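**Student:** Structure in structure tokens, see below.
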Amino acid sequence: SKGPIEPVEEDQPSTQLMTARKLWSGEIDPEAAEEELRRLRSPLNTLSIESNQICNLNCDYCYLADRPTVPSVDLGALSRFMDDAQSNGVKRFSIVGKEPFADSRAISLLEHLDRQPARSTRRIGVVTNGILAPKYFDRLRDLSLDFVDVSVDGTEAMNDSVRGKGTFAKAMAAIRLL
């Protein structure tokens, strides 16, 4: 955990509710209320980057399987995009894909994020089925990742029935390594 979660005071109205009350009471007009609410909106703070469109599995339920394949974005362009996102307030980066570790793009992006200044103020991680992660274990070990989400679908029998025989054991082996 990166710190305590601040409790919300339930007896204190939200800023949006206070703006609504000002509008209803006639204290401000609709245009002023709209402007006040526009200023209150939170900026984007979480970004998921799809590093590839490759997967080593063929899960029965996967909605990504039907997505058309598009050319990969240049890694340099993605890195610059992430740098720009960080400059504009993004604090959490998640590398995803169909399977991020199906090629080397995800590890390259994670390494790029890990080297950036102000690393301590950001959270960085990856979402994977885990099966191909051991291929990059030496490089992953050197990173200060905040999370590695390894997805499984329930028990071994349930998981293997939709992801393929033996995938649960491989995912568990990856979790033990990570």
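**Student:** Along Cα→Cβ, 7 Å out, is where each label goes; now give me the distance between the ones at D84 and L47 in nm to one decimal.
**Tutor:** 0.9
**Student:** Which distance in nm do the two modelled labels at R67 and E111 give, with both placed 7 Å along the Cα-to-Cβ direction?
**Tutor:** For the pair R67/E111, the computed spacing is 2.5 nm.
**Student:** So for the chain, averaging the separation of alpha carbon pairs under 8 Å that are six or more residues apart and normalising by length, what relative contact order in percent results?
**Tutor:** Working: 200 pairs, mean separation 34.9, N = 178.
RCO, the chain: 20 percent.
**Student:** Net charge around K98, counting only other residues with Cβ within less than 11 Å of its Cβ (Lys, Arg = +1; Asp, Glu = -1)?
**Tutor:** Details: positive: R67; negative: E50, E99, D103.
Surrounding charge for K98 is -2.
**Student:** Going by Cα centres, segment 114-178 and segment 54-103 are how many Å apart?
**Tutor:** Rounded to whole Å, the Cα centres lie 15 Å apart.
**Student:** Put +1 on the Cβ of each Lys and Arg and -1 on the Cβ of each Asp and Glu in the chain; which of S51, I107, Y136 then has its Cα farthest toward the positive end of the dipole?
**Tutor:** Y136
**Student:** Using Cα-only point scatterers and the Debye equation, what is log10 of I(q)/I(0) for segment 8-158 at each q in 0.10, 0.12, 0.18, 0.20 Å⁻¹, rounded to two decimals?
**Tutor:** Here the Debye-derived log intensity ratios amount to -0.53, -0.68, -1.03, -1.19.
**Student:** Under a 1.4 Å probe, what is the accessible area of segment 47-140 per residue, stated in Å²? Show your work: numbers first, answer last.
**Tutor:** On the way: 4690 Å² over 94 residues.
Computed with neighbouring chains in place, this is 50 Å² per residue.
**Student:** Further, regarding this structure: Check cross-link reach from K135 to the aspartates and glutamates: straight Cα distance under 16 Å, and skip same-chain residues fewer than eight apart.
**Tutor:** Of all the aspartates and glutamates, those that pass the test against K135 - Cα under 16 Å, at least 8 places apart if same chain - are E99, D103, E111.
**Student:** Note down the magnitude of the dipole of segment 137-178 about its Cα centre, charges +1 on Lys and Arg C-beta and -1 on Asp and Glu C-beta and zero elsewhere, to the nearest 20 debye. Could you put the intermediate results ahead of the total?
**Tutor:** Values: 6 positive and 7 negative charges, 36 e Å.
With Lys and Arg at +1 and Asp and Glu at -1, about 180 debye.
The values are calculated or read from the model by the stated rules, or taken from the named source; none is laboratory data. The structure presented is a predicted model; accordingly, all values stated were derived computationally and were not measured. We place every Cβ from the backbone using ideal geometry, glycine too, and count neighbours over all the protein chains shown. We work out accessible area using only protein heavy atoms, side chains counted, and drop any ligands, DNA or RNA first. Shrake-Rupley method; radii C 1.70, N 1.55, O 1.52, S 1.80 Å.
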